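Every read-out reported here was derived from the displayed coordinates using simple, explicitly stated rules and does not represent laboratory data. As the structure is a computational prediction, the values presented were derived from the model and not from experiment. Glycine gets a Cβ as well: all are built from the backbone with ideal geometry, and neighbour counts include every protein chain shown.
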Amino acid sequence: MITIQGKGVSTGVAVGPLYFYRRADLTIRRTEVADKEAEWARFKAAQAKAIEQLGELAEKARAEAGDEAAMLFETHQMMAEDLDYEEAIENGIKGEGINAEAVVSETGEQFAAMFSAMDDAYMQARSADVKDVSGRIVSILLGAVQGGIDSPVPVVLAADDLAPSETVQLDKSKILGFVTSYGSGSSHTAILARTMGIPAIIGVGDQVKPEYEGREVIVDGGTGEVVVDPDDATRQALLAKREQLLKRQALLEQLKGKPNVTKDGQTVRVYCNIGNPEDVHTVLENDGGGVGLFRSEFLYLECDDYPTEDYQFEAYKKVLSDMGDKEVVIRTLDIGADKQIDYFNLPKEENPAMGNRALRICLNRPEIFRTQLRALYRASAYGHLCIMFPMVTSVWEVKEAKKMCEQVKKELTAEGIPFAEDVQLGIMIETPAAAVMSDRLAKEVDFFSCGTNDLTQYTLACDRQNNDLGRFFNPHHPSVLRLLKMVADNAHKNGIWVGICGELGADLELTETFLSIGIDELSVSPRAVLPLRQKIRETDVRQCREKLVNDLLSDQTQI
């Protein structure tokens, strides 16, 4: 038995085989082949597999976002077996004797250039499609594993860390838990684990060896312990703990349908954070009151090119329709920093967390922003939509964003496209500048939502992705809590509501503090809804408000 200690960032106990995430080498080398027929057979097999994958993606897209979203993948299927495209590849392999991956890659580039040179806008748009199809076939030829997991059974997934673009592609039905060498409690792996309700452990370094793959492991997300080849006593103890956690969850199930009201009658809305339309099922399953944060950037991370207006519209429409009359807050595109997307072609920055990201990209590249806003407003006709702008530091940024919203509404009106007139506009408070300026910003918007992950990072000058900073990254720091109180006070003075959508919203040690300073809404991972509801219903705000607020403002507060 081998015991490894890391840091638990998502509670729970899981047991299963250890599996290392497969990150393929996609380097394409051009070589001559001796057996041209065998190489052609390699291509045909990869082509058939690509067509099969695209068919599965089309069905998935149809279920999640409707027929228009599925059409993209069906178009790619047709391209993959286009006769001209296939003939060009055949000439390269059988005629010139070049290896299949090099020929497919070169053919894709040639066809993409041909489409780009056409006058017709529709045909120009096919340039990106043929690149995507060729890239998929090349990945298959190079042995890349779709979604990073090639296992017939669910596994405990081990990795150095996972980028947002990689977490999006994972086959979540195959994951029992996560173990990563690096990362942080606010990494996307940790956020995904909490959304899925499975254990996750970070910071194990090089303790998890490649030779452990396939061996049974038990992970305890509460203690951060990873046990390889557990002995009988350890196995029984950890499985008993898992049973206790399941029993506790069963007790919490009794809170479904109950109001989020404190003992002294204060109500707070408990909403959920999600990353894609599939997550709505988990929100409803856990009795979330609404969606407080839909991270729309994950739609972009799933695509190989800019998602079209129709593609986004179908996704937003599905979320709003499925949530019925419940409020849905959709955050506009928030990429940059740790969320990089190749096709945006963003220049490399020395400090991307403070660089060209989120709303800054949208205001600098209005064509991208306009496409998203059109999709959002079109979808607003199907539910209760709120739009939220991230990474705000100044009043002028909000005014510019609002101006674009008005332009989009005028366009849709002129085109006779319906949209809701009562869409609320809000901003993320995730910079000290926004918190300090919240009295003026509150006059421009309908609500605030505090992103405590970034607010902590910028307030304490601590990189939230750097797990080595340990105790220096302290979301409970009085400076962060004072800023939150300032924001809540300024929101209420101006008649708007204020929420928290960062990971701190689910921190039960701070629930009393948030209720005491007047937070109106807490948005958390779906699995955190019922524990949070229990904590709210056990709290008497009148008894704790004076003490907590005095402690928060006291010179004696320990820092």
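If you stretched the chain out fully between residue 466 and residue 48, how much longer would it get, using 0.36 nm times the residue separation minus the C-alpha to C-alpha distance? Each step should come with its number before you reach the end.
Values: separation 418, 0.36 × 418 = 150.48 nm, distance 4.28 nm.
Extra length from residue 466 to residue 48 when fully extended: 146.2 nm.
Counting other Cβ atoms within 10 Å, which trypsin sites (Lys or Arg not before Pro) in the stretch 169-247 have at most 16 and lie in a DSSP loop? Let's see the in-between values first.
Details: sites: 172, 174, 194, 215, 235, 241, 242, 247; in loops: 215.
Filter output for the stretch 169-247: 215.
Do you know the relative contact order of the chain, to the nearest whole percent, from alpha carbon pairs under 8 angstrom that are 6+ apart? Before the final figure, lay out the partial values.
Values: 1050 pairs, mean separation 85.3, N = 559.
The value is 15 percent.
Quick check: net charge around residue 493, other residues with Cβ under 12 Å of its Cβ, Lys/Arg +1 and Asp/Glu -1? Let's see the in-between values first.
Working: positive: 440, 443; negative: 439, 489.
Computed value for this residue: 0.
Among the lysines in the stretch 36-141, how many pairs, 8 or more places apart or on different chains, have alpha carbons under 18 Å apart? Could the numbers behind the result be given before it?
Numbers: 36/44; 36/94; 44/94; 44/131; 49/60; 49/131.
Here the count comes out as 6.
Just one of [x] 42, 32, 21; [y] 52, 34, 18; [z] 40, 27, 24 is semi-axes √(5λ) of the Cα gyration tensor in Å as worked out from the coordinates here. Which one is it?
[x]
How would you order 32-40, 250-258 from highest to lowest mean count of nearby Cβ atoms within 10 Å?
On the way: 32-40: 13.7, 250-258: 11.9.
Taking the mean over residues of other Cβ atoms within 10 Å, the ranking is 32-40, 250-258.
With charges set only on the Cβ (+1 for Lys and Arg, -1 for Asp and Glu), what does the dipole of the stretch 34-183 come to about its Cα centre, in debye to the nearest 20?
On the way: 12 positive and 29 negative charges, 106 e Å.
My answer is approximately 500 debye.
Determine, from the Cβ-Cβ distance of residue 420 and residue 123 and an R0 of 41 Å, the FRET efficiency 1/(1 + (r/R0)^6), rounded to the nearest 0.05.
Working from the Cβ atoms, E equals 0.70.
For the stretch 186-252, which GluC sites (Glu not before Pro) are in a loop by DSSP, counting at most 14 other Cβ atoms within 10 Å?
213
So between residue 116 and residue 211, what do we pick up on full extension, going 0.36 nm a residue minus the alpha carbon distance?
Values: separation 95, 0.36 × 95 = 34.20 nm, distance 4.81 nm.
This chain segment gains 29.4 nm when fully extended.
So for the pair residue 350, residue 309, with labels modelled 7 Å out along Cα→Cβ, what separation do we get in nm?
Going by the 7 Å Cα→Cβ label model, 4.1 nm.
How many nm is it between the label spots at residue 87 and residue 36, if each spot is 7 Å from the Cα in line with the beta carbon?
Spacing of the two 7 Å Cα→Cβ label points: 1.7 nm.
Counting other Cβ atoms within 10 Å of each Cβ, which GluC sites (Glu not before Pro) in the stretch 61-111 have at most 12 and sit in a DSSP loop?
Numbers: sites: 64, 68, 74, 81, 86, 87, 90, 96, 101, 106, 109; in loops: 81, 96.
Of the GluC sites (Glu not before Pro), the ones in loops of the stretch 61-111 whose Cβ has at most 12 other Cβ atoms within 10 Å are 96.
Report, ordered by chain and residue number, the aspartates and glutamates lying within cross-link reach of residue 256, taken as a straight Cα distance under 15 Å and ignoring same-chain residues fewer than 8 apart.
Residue 256 reaches 285, 287.
Determine the dipole magnitude for the chain: charges of +1 sit on the beta-carbon of Lys and Arg, -1 on that of Asp and Glu, nothing else is charged, the reference point is the Cα centre, and the result goes in debye to the nearest 20. Mind showing how you got there, number by number?
Values: 61 positive and 89 negative charges, 470 e Å.
It works out to roughly 2260 debye.
Given charges of +1 on the Cβ of Lys and Arg and -1 on the Cβ of Asp and Glu, with all other atoms neutral, how large is the dipole of the stretch 77-132 about its Cα centre, in debye to the nearest 20? Display every interim value, and only then the final one.
Working: 3 positive and 14 negative charges, 24 e Å.
That gives a dipole near 120 debye.
To make sure I understand the rule: partners must be lysines, Cα under 18 Å from the Cα of residue 339, and not fewer than 8 residues away in the same chain. Which ones qualify?
348
Which Cα, out of 469, 362, 276, lies furthest along the positive dipole direction of the chain (beta carbon charges, K/R +1, D/E -1)?
469
Cβ under 9 Å from residue 94's Cβ, residue 94 left aside: what net charge do those residues give with Lys, Arg +1 and Asp, Glu -1? Write out the running numbers ahead of the final one.
Numbers: positive: 36; negative: 37, 39, 90, 96.
Residues near residue 94 contribute -3 overall.
Cross-link candidates for residue 493: which lysines have Cα within less than 17 Å, leaving aside residues fewer than 8 places away along the same chain?
Within reach: 443, 485.
Name the residue farthest towards the positive end of the dipole of the stretch 36-141 from the options 61, 139, 108, assuming +1 on Cβ of Lys and Arg, -1 on Cβ of Asp and Glu, about the Cα centre.
139
Where does the charge balance sit around residue 51 when Lys and Arg score +1, Asp and Glu -1, over other residues with C-beta under 12 Å from its C-beta?
Local charge sum for residue 51: -3.
At a Förster distance of 60 Å, what's the computed FRET efficiency of residue 78 paired with residue 482, Cβ-Cβ distance as r, to 0.05? Provide the component values of the computation, followed by the final result.
Details: r = 59 Å, r/R0 = 0.98.
About 0.55, to the nearest 0.05.
Residue separation times 0.36 nm, minus the C-alpha to C-alpha distance between residue 543 and residue 241: what's the value? The partial results should precede the final answer.
Working: separation 302, 0.36 × 302 = 108.72 nm, distance 3.43 nm.
Between residue 543 and residue 241, full extension yields an extra 105.3 nm.
Cβ neighbours within 10 Å, averaged per peptide: list 432-440, 484-492, 226-234, 329-337 in order, most packed at the top. Don't jump to the answer; show the numbers that get you there.
Working: 432-440: 18.2, 484-492: 21.2, 226-234: 15.3, 329-337: 24.2.
Packing order, densest peptide first, comes out as 329-337, 484-492, 432-440, 226-234.
Of 176, 313, 261, which is farthest towards the positive pole of the chain's charge dipole, taken about the Cα centre with +1 and -1 on the beta-carbons of Lys, Arg and Asp, Glu respectively?
261
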